[in-house]
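All remarks here apply to the structure that follows.
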Amino acid sequence: MSTALQTVSDTSLAPAGRVALQRLPRQQALWVGGTVGTAALAGISPLWAWAPEVALALALGVGAAMVNPQRIWSAPLVAAAVVGASLVLGWLSWPPILGAGAAAGAAATWLMPQRTDALDMVNGGLGGLTGAALGLWAAVVLVPSALPTALVAPLTAALVALVAAQGLVPVALRFDHGPQIPSLREVQSALRVTYRPPVLRALELHRHAGKHLPDRETRRGLAEVTNWVFQLQQTLQTLDSELAQIDPEHVEARIRACRELPEDIDDFTRERRHATAAHLERLLEHRKAIAIERDRTDALVDYALAFLEEARAGMAVAQRLPGEATPERLPEVLHRLRHHAQEGDTRRRTAREVDLAQVTS
């Protein structure tokens, strides 16, 4: 197999969403670093001495917003939400760190590059709440109160953020042990425009079929097929790029030039030309192998989409429909309606007979 195919096998076919644990240490370091930096600024300003709970919540919120630098625009919103949660808990006479930790954990989960849902945010919030509370307890025990505020603030924030950031571990574990549906942003980032339609179609089919899926394992299986389409399109894009780099007509012309040599050429030059031709011939063989893999990948894309289309139609057929059973009171209702109809008809006949009798008399 050629180097190009090995590269595709190692990268494009790697399961998407399996790098959450690899990214986790960097995300946690960004969280701790942002928190410590903000706390250090608060420590040299009057804010920490005036309202340490608010300053700690602000530092924790800024740190949580650093989890995903690509969404740094959300830092003011996250910081405001964390400070607001801290103030609400303080107003309710509860420890403000609980609100700050829960809000920071939920916000950090929301900012993760993977697609998160409400349950992920709840898990992140609970992890952040527990970690922040334990971190503050450790800071109270370990950080000497005799130190100047400029040192107490970053040390306290470092311990709080270090433990609170562990709340991202359960979310990262879920990402690495379950199929992840690529987001629209991931599709646009990984694929060129011409390679996006099959993935967008797969996402649409998954969204419609997912409304009627009966159990968790079926949902996982459908998500795996949808993610497979995304991986196949990445592979197809890579293979097409490799094929575009090799012009067979130009390579064949070079081979002919290396084979058709004059009689008076020296032996060394003849050997190098023949060796060049041999390499170019193997290059064409590799191109044929890449073309075969490209056609196979394209066929698998059509196969996966057909599978999703059948699954969507199958779920529509399998769902419970109103026509499967008649209402329990339908016979009784029909009987009552018929009785009322008979009474109305009798009433009308009687009225007509009375009118006719009055006219004849």
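Bear in mind these aren't lab numbers, they're just calculated from the coordinates by the rules spelled out. Here the structure is a predicted model, which is why all the values come from computation and not from measurement. Neighbour counts are summed over all protein chains in view; Cβ atoms, including those assigned to glycine, are modelled from backbone coordinates with ideal geometry.
Details
- Span-like helix ranges in the chain, DSSP H, alpha carbon extent 27 angstrom or more, Kyte mean at least 1.0: 118-142
- Taking other C-beta atoms within 10 Å as the exposure proxy, 145, 86, 74, 241 rank 145, 241, 74, 86 from fewest upward.
- Dividing the radius of gyration of the alpha carbons in region 237-283 by their Kirkwood radius gives 1.14 for Rg/Rh.
- Approximate spin-label separation residue 263-residue 218, in nm, with each point projected 7 Å along Cα-to-Cβ: 8.0
- Cβ charges +1 (Lys, Arg) and -1 (Asp, Glu), total dipole of region 184-318, debye: 840
- Region 193-262 and region 127-166: distance between their alpha carbon centers, rounded to Å: 49
- Dipole of region 69-201 computed with +1 at Lys/Arg Cβ and -1 at Asp/Glu Cβ about the Cα centre; of 80, 99, 113, farthest Cα towards the positive end is 113.
- At 1.306 mPa s and 10 °C, Stokes D of the chain from Kirkwood alpha-carbon radius, µm² per second: 60
- Longest exposed-site-free window of the chain, the sites being GluC sites (Glu not before Pro) in a DSSP loop that have at most 14 other C-beta atoms within 10 Å: 1-259
- Global form of region 45-189, assessed from the alpha-carbon gyration tensor, a/c cut-off 1.5: prolate
- Kirkwood Rh (inverse of mean 1/r, distinct Cα pairs), region 176-321, angstrom: 18.5
- One decimal place: the segment residue 200-residue 282 gains 25.8 nm when fully extended, by the rule 0.36 nm per residue minus the C-alpha distance.
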